[in-house]
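Derivation of every value follows stated rules applied to the coordinates shown; laboratory data play no part. None of the values given here were measured: they were computed from a predicted structure. As a convention, Cβ positions derive from the backbone with ideal geometry for all residues, glycine included, and neighbour counts pool all protein chains shown.
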There are 2 protein chains.
Amino acid sequence: MPVMNYRKGTEKEKSWIIEETSFNEKYTGKCESVFTQGNGYLGLRNSLEEQYLNTVRGMFITGTFNKASKDEVTELPNVSDIVNMEIELNGERFSMNENNIKEYSRTLNLYTGETCRNVLWKGKNGDIVHLSFHRFVSYENVHVIGAYVEIKPVNCEMKVKVVSGIDAQVTNHGAQHLTEFSKRAFEEKFLQMGMVTTESAVSIAVSTVHKVFQSGKYTEDAASKIIDDRRKIHAEIQLVIPQGETARVEKISTVHSSRDLEYVASGKEPEGENVCRDGLDNLKEAEEKGYETLLEESKKVWEKIWKKQDIQIDSKEDDAQIAVRFALYHLQIMVRREDNRVGIGAKALSGEGYKGHSFWDTETFIFPYFQMAEPETARTLLEFRYKGLYGARKKAIENGYKGAMYPWEAAWVSDGEVTPYVTGVNVHTGEPMICLTGVIEQHITSDIIFALWQYYAATDDQDFMDRYGYEMTIETARFWNSRLEWIEENNRYEIRDVIGPDEYKEHVDNNAYTNYMAHENMRLAAQVIACIRDEKKDIYGKMQKLMQEEGTSLEQLEEELKDKMKKLYLPQPDEKTGIIPQFDGYFDLKEIDLSVYKNASVVGTVFHDYSGEDVQGMQAGKQADIVELLYQMEDITTPDNKAKNYVYYEARTLHDSSLSKAIHSITACDLGMEKEAYDMFMSAALTDLGQEMKSSDAGIHSANMGGVWQDVVMGFGGIRIRDGHLRIAPNCPKQWEKFTYPLYWKGNELHITVCKDGVEVINEGEDFEAEIMGQTVTVSKGKNEFRA
Amino acid sequence: MPVMNYRKGTEKEKSWIIEETSFNEKYTGKCESVFTQGNGYLGLRNSLEEQYLNTVRGMFITGTFNKASKDEVTELPNVSDIVNMEIELNGERFSMNENNIKEYSRTLNLYTGETCRNVLWKGKNGDIVHLSFHRFVSYENVHVIGAYVEIKPVNCEMKVKVVSGIDAQVTNHGAQHLTEFSKRAFEEKFLQMGMVTTESAVSIAVSTVHKVFQSGKYTEDAASKIIDDRRKIHAEIQLVIPQGETARVEKISTVHSSRDLEYVASGKEPEGENVCRDGLDNLKEAEEKGYETLLEESKKVWEKIWKKQDIQIDSKEDDAQIAVRFALYHLQIMVRREDNRVGIGAKALSGEGYKGHSFWDTETFIFPYFQMAEPETARTLLEFRYKGLYGARKKAIENGYKGAMYPWEAAWVSDGEVTPYVTGVNVHTGEPMICLTGVIEQHITSDIIFALWQYYAATDDQDFMDRYGYEMTIETARFWNSRLEWIEENNRYEIRDVIGPDEYKEHVDNNAYTNYMAHENMRLAAQVIACIRDEKKDIYGKMQKLMQEEGTSLEQLEEELKDKMKKLYLPQPDEKTGIIPQFDGYFDLKEIDLSVYKNASVVGTVFHDYSGEDVQGMQAGKQADIVELLYQMEDITTPDNKAKNYVYYEARTLHDSSLSKAIHSITACDLGMEKEAYDMFMSAALTDLGQEMKSSDAGIHSANMGGVWQDVVMGFGGIRIRDGHLRIAPNCPKQWEKFTYPLYWKGNELHITVCKDGVEVINEGEDFEAEIMGQTVTVSKGKNEFRA
């Protein structure tokens, strides 16, 4: 089984290089996902050039959603395969197996975004050849993909055939999203396929060209012919390479779509032929530059990113440094920072899993990173949700509520809810399999508002609030206002029949997380109404008009909110134990020993022994729920109770979601549980990067990448936003000497170094007040040191 | 490279077993196609159970045409893969390569229709195991497919995992034809997927079940779980097999569609759920019976077929016997004999090539077999064309003609022409690639009528003529009547701008084959009109009404036909050379030496040196054209001229079509060119069966299967229908002692044995007159011997 090695890089490359040290065709999915390359616009799974049986090739363009058939859910189409290069070496097909590989190393360089595979291959007839494959997706010109193979015969002259091109036969596991409207070989070398999605009519142009070099010299006349097949076009290149010399086949590709940001200004989507023309123009320019220049351009962008974003950990003990950079790398390639029409998928652009849809994963797990490290990107993500008000209002109406009820799963902003209510049929019973999250997992609405106000606190972005934030807050509060149920016998409002963060529990009443977060949403709205009435007459007027169109008024809403907030049931800690019930009746559920399931190498093992219904009746949670709540809203109980709740619920949590361990780790940090915090952190950090070779096949866990960042910065870094202020209560792990992370606070660029005995803050901006290690202090421009 | 061995069978199995003697994953397409199993309803490519990269799995149901998207051509959907069985042996995936295969034999038994693969496999850890795979498609219950694998560990105990089920992720090279409406595992073992074609709304149910036996004993409780994935459902079976014992996993499957013949009586297509229900019921019955019983049932049908249809060749010298049986086998599995709604595809049901469409291949190459060996099936095939009058009339109108102009490519009878006019875009120039055959390759209309009258002569099926044949003859003659062009300067009718059988020549004028065949079509129609006026008042009335609706009358048509026939230009032999020009100006074309291209192992090599336009200007033909004409209509010139034309045109023919060599061989027989005839025959007979490992990938050449039969019976057997009489002018090849073939002549079942010095006819029916070896004789009931 292949092993992931984190220590390949030395000196300048230390903790930047992830290596797969051997090859096994059973486990191609692992590096296809975790070595995914991209730039937020484009995601390219790191499939190998030559084909293997279990490969799942994938290339995704953000925002190109399509329904493969009327009964299917909208998803990101697998655009086509441009990674392919079938190589024949003296008549034998190049393919790796344990007998013919003498040396093997495959790496992702997090610093440059380039992947590289070096193979020393011995053919059946004894021919030995060195092959070196390189690839990157440009961060400078987001449409461009560069790749090359260098072939060097070691002990013989070598006849080489390379068949390489565009293969649009790929589907999403058998579901066809694209039909082609054009297929061309311009100037006998620029290959292009123009395609259009079957339902959503997004035009996509995929173009590629090959450049051949013999012993470093560009060879215009390499024997090449075009192979035109159904839904495919390829070039066949023939070479003879003398012993000891090196030939190189570069493959430069571009990918364009009619949904591209570049076309937004014109006000309408371009015709497919224009997309093709732009794709070809871009390709010609890229071909002119060639691989090295294109890579250099892209590396410059990555250099800037790392200069700003790197977290540096001084530690001799483990692989935390590279794991954190791995998370940052994926956070950087999952977001299209300029485009407020697109969200972030739960697998980002690294696989077909979760169909490219956005969940609460974005706001609760990923967003805090952008909010504190790239506030302008965070704003774009919130604007995506502002645009999503359209679909959220639609969803509220469909469900019989008022205001804006955000979709559990979001694709296009106009779509509204895209969670399928029926996900299929239970093959055993024939009963439809109902997915309730799109209907009753409702906390996402307040999660978005919580994130929004965190952002506002961190940035003071009043422009955002004026344009979008206030409206979002009021509209979502209107949803909760209509959602609460008056329960006469309890003389209070309740929120019944929901799913909380712990998705193993369906149809629960008064999930604490949901109720508290709804209350917070309502509280913020009431505060907004009061604020804009006094200070923002124009916004007040605009919102009042909106309310009146809906047959109500801001006054009436404010009154109702105040009344209902007071009467909304917020589950309190049990007087004896201090434990907050996760939902009504939680304490009555059966307790079982979960240790065997918690320690399994794969998730979901509890279902080997118990049915879904069994688990519903057990104190066995999928993920952080009360612990998530106490992380986000620590003031709802005492620190002592927080500790008790952590211990109680952690014991009852299976961590069957990647959204769980990082949050537990942060809370463990807060509680001074050093070992537990660190173990949970490393476990979270290795979710995709670790030695488990199958669990990332469908794509990386994008929320967990944010979770890892939060764990470092919010957990070990001890960052929290409290009442509009920055709090730093650092907990440097004993494994680390110190660590440094960047942060934006109200427009001030900070570089924070946490060490064993304190914290150092370099403030590139203005003075501000903060709470650091329990003291209210001024963080002045320049360097500040705070010791315990 | 694998070798096809024809001599595996001995004693009773002699010349019945085709063997592939070794395995190479580069050449999986060969046996997938040539070992295709079926029954006319269903065609199943003989893919291996475990997956290989180059495999093209295929299962096709006759008549289930669909368009994958609006711009694509209707084609037979690749239904789904039920052949798959992924096997793990002590943790290692079973897959064959040159290192782990100790013994290998894969056979198709033509007599039983069963395929069998025996492999002695050695795992990486030294485990040796014998695997034996068997499969058949039932000819008794046409919906049923039976398969099993037997696994016998030789030197160890073996843990075995078998993952097997239904994989509907397959597409037609990336084009998706089916969406699923149901997926079930009934009683935890009967797996089923219900699917529907995307455009034509044909419902298809594919069902499968596994039965496990340990040491011959049925094991109800073999650990099995269901794996439900996107567009897939599989069972995972786990076994432990003691050393030396054998376990067996049977896989019984059924395939049903809403287009099935069984539903026709009800007058409407059933709902998908009914198709699923019937599929499941059928599967349960089949499972009850099990593999052996199902195979026995199917073998009984095959036994009957072979008893009736076998051609026996007494020869010690070559593999002609098995090659002829191979052709008969494919002729038997390509036809759905009871169903007049479906034709025969150019690749039958053995691959995606030619999209399942019917060409002139059916009538000109395949039909003579059924006409003489299975007249009732021949009638069904003609009824398909009668039903196709609807589409033929549509095509005539679309092209500005009258009557019925048969489509060059036919799918559903209502479709009319399904040849795409634009087959795509020239990837180099961007120009649309125009396919002219659907417009100007017009001879198919008279080819069908020629076949019809041959059938009538052979069968005296007056009922067919009364119901369908007269109408078809008149309607097609009306097409020609409207098609002929009066050329004032030549003072004659001509047929300009056509493609003849030689498709390397486009836009030619007065292709001799086309003109003569059109003339024959018109002649027959004029004869019909005279006949029905005198003898068939009711038919005359009906046809007259039809003519009147079209603004004409039978009288007018008759008059016009007579006039135009007289004035239609029929190219005559050159006075000096005796050569009939293939079309106007043929003799002016450039002559080049074709020998290098004719002797190439693959077709189309002339285009390596010349463009299509070049070849258009050369005396270089794709296939029999004048030679085809002289085979069908020998009376148009003298025997001496026929010989001259054969020699002249054969030298100018590349045989780049599988429709060429058998026809040449027959003509060579007629001309007494023994060696040439036999060489051409063996070459035709080995088109698919031979040692060329790539040329059958897209499917077998179904016309050539008929060609081989014609070559034996019409060529060596010397059978011909002349003026309504049977002629036998046998030419026993010197390689053969004698050969025996069955034939129906006007309802009389004949068994004809040709030997060196004459012919023996066993007549199971009534006395009739025939021309045998130049003498008019009476063939009496019982045995008749005729010596030279």
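Things to note:
- log10 of Debye I(q)/I(0), alpha-carbon scatterers only, for the stretch A:35-309 at 0.08, 0.12 Å⁻¹: -0.33, -0.74
- Computed over the stretch A:424-571, the Cα gyration tensor eigenvalues convert (square root of 5λ each) into semi-axes of 31, 18, 15 Å, ordered from largest to smallest.
- Note on B:423-433: average number of Cβ atoms from other chains within 10 Å of each residue's Cβ is 4.
- Phi angles of the stretch A:389-399 translate, via the Karplus equation with coefficients 6.51, -1.76, 1.60 and θ = phi - 60°, into HN-Hα couplings of 4, 4, x, 5, 5, 4, 5, 4, 4, 4, 9 Hz per residue; Gly and Pro are given as x.
- The stretch B:539-666, relative contact order in percent, only Cα pairs under 8 angstrom and at least six apart counted: 25
- The equivalent ellipsoid that matches the C-alpha gyration tensor of the stretch A:324-425 spans semi-axes of 25, 17, 10 angstrom, in descending order.
- Counting every other Cβ atom within 10 Å of each residue's Cβ, B:His357, A:His664, A:His725 order from fewest to most as A:His725, B:His357, A:His664.
- Relative to the dominant Cα principal axis of chain B, helix B:320-333 is inclined by about 90°.
- Above-threshold pairs, the threshold being 25 Å between Cα atoms, out of A:Lys30/A:Lys159; A:Lys644/A:Lys756; B:Lys67/B:Lys347; A:Lys576/A:Lys642; B:Lys675/B:Lys781: A:Lys30/A:Lys159; A:Lys644/A:Lys756; B:Lys675/B:Lys781
- In chain A, the C-alpha radius of gyration followed by the widest Cα-Cα span (Dmax) gives 27.2, 89 angstrom.
- Degrees separating the helix A:554-567 axis from the principal Cα axis of chain A, which is the longest one: 80
- Estimated translational D of the stretch A:395-463 in µm²/s (Stokes, Kirkwood radius over Cα pairs; 37 °C; 0.692 mPa s): 233
- Order of A:Thr429, B:Thr377, A:Thr473, A:Thr552 - criterion: other Cβ atoms within 10 Å of each residue's Cβ, fewest first: A:Thr429, A:Thr552, B:Thr377, A:Thr473
- Three-way shape label, the stretch A:364-497, alpha-carbon gyration tensor, a/c 1.5: oblate
- Cα long-axis angle, helix B:444-459 against chain B (0 to 90 degrees, to the nearest 10): 90
- Charge tally around B:Lys307: other residues with Cβ under 15 Å, Lys/Arg +1 each, Asp/Glu -1 each, net +1.
- Set of lysines with alpha-carbon distance to A:Lys542 below 20 Å, sequence-local pairs under 8 removed: A:Lys387, A:Lys402
- With the convex hull drawn around the C-alpha atoms of the protein assembly as shown, the volume per residue stands at 209 Å³.
- Proxy reagent accessibility, fewest Cβ within 10 Å first, across B:Asp697, A:Asp688: B:Asp697, A:Asp688
- Each part gets one Cα centre, and for the stretch A:7-54 versus the stretch A:271-320 those centres are 16 Å apart.
- The dipole here belongs to chain B: it is taken about the Cα centre, uses +1 on the Cβ of Lys and Arg and -1 on the Cβ of Asp and Glu, and is about 1240 debye.
- Sorting the segments B:524-537, B:95-108 by their mean number of nearby beta carbons within 10 angstrom, highest to lowest, gives B:524-537, B:95-108.
- Cubic angstrom per residue, convex hull over Cα atoms of the stretch A:498-562: 104
- Ellipticity at 222 nm from helices only: DSSP H runs of n ≥ 4 in the protein assembly as shown, each -39500 (n - 2.57), divided by the residue count, give -9500 deg cm²/dmol.
- Centre-to-centre separation between the Cα atoms of the stretch A:382-419 and those of the stretch A:487-532: 18 Å.
- Overall, the anisotropy analysis places the stretch A:678-788 in the prolate class: the square-rooted eigenvalues a ≥ b ≥ c of its C-alpha gyration tensor yield a/c not less than 1.5, with a/b exceeding b/c.
- Gap separating the Cα centres of the stretch B:65-134 and the stretch B:674-751, nearest whole Å: 33
- Peptide B:229-236 - average C-beta neighbours from other chains (10 Å radius): 2
- Semi-axis lengths (Å, descending) of the ellipsoid that matches the C-alpha gyration tensor of the stretch B:200-245: 31, 13, 8
- q = 0.25 Å⁻¹: log10 I(q)/I(0) that the Debye formula gives for the stretch A:658-707, counting C-alpha atoms only: -0.86
- Debye log10 I(q)/I(0) at q = 0.10, 0.25 Å⁻¹ for the stretch A:521-617, Cα point scatterers: -0.58, -1.26
- Annotation: aspartates and glutamates with alpha-carbon distance below 13 angstrom to B:Lys183 (same-chain offsets under eight excluded): A:Glu431, B:Asp167, B:Asp228, B:Asp229, B:Glu273.
- Each residue of the stretch A:118-125 was assigned a 3J(HN,Hα) from its phi angle through the Karplus expression (A = 6.51, B = -1.76, C = 1.60, θ = phi - 60°), giving 10, 9, 9, 10, 10, x, 4, 8 Hz with x at Gly and Pro.
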